[in-house]
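The values are calculated or read from the model by the stated rules, or taken from the named source; none is laboratory data. A quick note: this is a predicted structure, and the numbers were derived from the prediction, not measured. Backbone-built Cβ (ideal geometry, glycine too); neighbour counts: all protein chains shown.
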Amino acid sequence: MSDAGQDAGGPSWRPAVLWHRDGGRLVCDLCPSACVLPADGPGACRVRRRRGGVLETATFASAVRHWQPVERKPLYHFRPGLPTLTLAAPGCTFRCDYCLNAPLSQYGRDADLPWTGAAADPAALLAAAAARGAGIALSYSEPGLAAELTLALHQAAQAQGGAVPILWKSNGYLTRAALDLLAPCLAAVNVDLKCADDASHRRLTGAPLAPVLATLEGLRGHGVWLEVSTPLIHGINDRPAAIRATARRVLALGPETPWHLVRFLPEHRLAALPPTPPALLADAVAMARDLGLRHVYVERALGDAGRRTCCPGCGAALIERGRWRLTDNRLHGDGCPACGRPLAGVWS
């Protein structure tokens, strides 16, 4: 894929996938916003633009490159302890009020945010990951906007024998065409399900909920290992009825779908709200388990017990985690050494 030009002090633009012409209009097919691109101008995400008669992307790049365990994505049921090379290109399809990574994700929407990405070299990234027996994770911003980089990483991984898994931490806001193109490239995805009702979702993100629910079902249908994260935010999605409604959405994906409850910390446009109380997180875990979810986690605020994986059959402790890292794995193959019950996940 060749460069299509670089703005002074800004991104290097390359040809994009997932768009079509409608007469004289150029329509983006990546996310459900379906932007009609203005002449030589960007879409709502600000990192995909029309240039002449084609669509280009700025996200064949990364502003982040560091090593983390897979537990930090968070992915708890995918190859515990796997190191990951984490990448992130500026840009997002959402405008979340609580975004911890707004200086990266909101590039282009805030004129004061500089471009921080550097061009990505898929072959070099794959070689670095393969040398450490690692995966590659796209996180912090929205990896769906890095469709072209995801495809290139997958192609490079396949050329090297497919030993390097490609992982996402995503908001799930994709069209069906994008999902069908990209899901075969992905080994595992953690999707943010902010809440279970459309009004709250629009308030938090600026986008409707239905496409996210469709992506959750679609990823499951494509055989991608799926985990779900939900921040509990005061006055928005932290009431018992709201927690149960979101838990039911996760339960519909299967009772062994891991659900990560995230402690909200005041940030961005919600800096005046209080952090999530640990007692509320503990109550939410109990509610979700009462409804039938077998693996409910809290990575912070409840200590090691909140991150522990137990056998849903006999209750034996199987996997122990510190904050964002594996400390003990007692699985025997893919099952419990005490009762032999298989544990849902990807373990090797």
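In the range 186-238, the qualifying residues are those that are basic (Lys, Arg) and touching a residue at least 24 places away in the same chain (Cβ under 8 Å), and the one that is surrounded by the most Cβ atoms within 10 Å (Cβ to Cβ) is Lys194. Of all residues in the range 264-284, those that are in contact (Cβ under 8 Å) with a residue 40 or more places away in the chain, over 25 Å from Arg307 (Cβ atoms) and surrounded by fewer than 16 Cβ atoms within 10 Å (Cβ to Cβ) total 1. If you go through the range 207-220 and pick out every residue that is over 12 Å from Pro32 (Cβ atoms) and not hydrophobic (A, V, I, L, M, F, W, C), you end up with 3.
Which residues, counting only those in the range 126-152, are under 19 Å from Ala58 (Cα atoms), of a type in the set (A, V, I, L, M, F, W, C) and without any contact (Cβ under 8 Å) to a residue 60 or more places away in the chain?
Result: Leu138, single match.
Anything in the range 76-104 that is assigned to a loop (DSSP other than H, G, I, E, B) and among the aliphatic types (A, V, I, L, M)? List them, or say none.
Leu82, Ala89, Leu100
Considering the range 153-168, and only residues there that are in a loop (DSSP other than H, G, I, E, B) and free of Cβ contacts under 8 Å to residues at least 24 places away in the same chain, the residue that is nearest to Asn101 (Cα to Cα) turns out to be Gly162. Search the range 78-114 for residues being small (Gly, Ala, Ser) and within 22 Å of Leu273 (Cβ to Cβ), and hand back the single one that is surrounded by the fewest Cβ atoms within 10 Å (Cβ to Cβ). Within the range 78-114, the match that is surrounded by the fewest Cβ atoms within 10 Å (Cβ to Cβ) is Ala102. For Gly235, all conditions in the list (1) at pLDDT below 95; (2) in contact with a Ser or Thr (Cβ under 6 Å, 6 or more places away or on another chain); (3) among the small types (Gly, Ala, Ser) hold save one; what is the number of the exception? The failed condition is (2).
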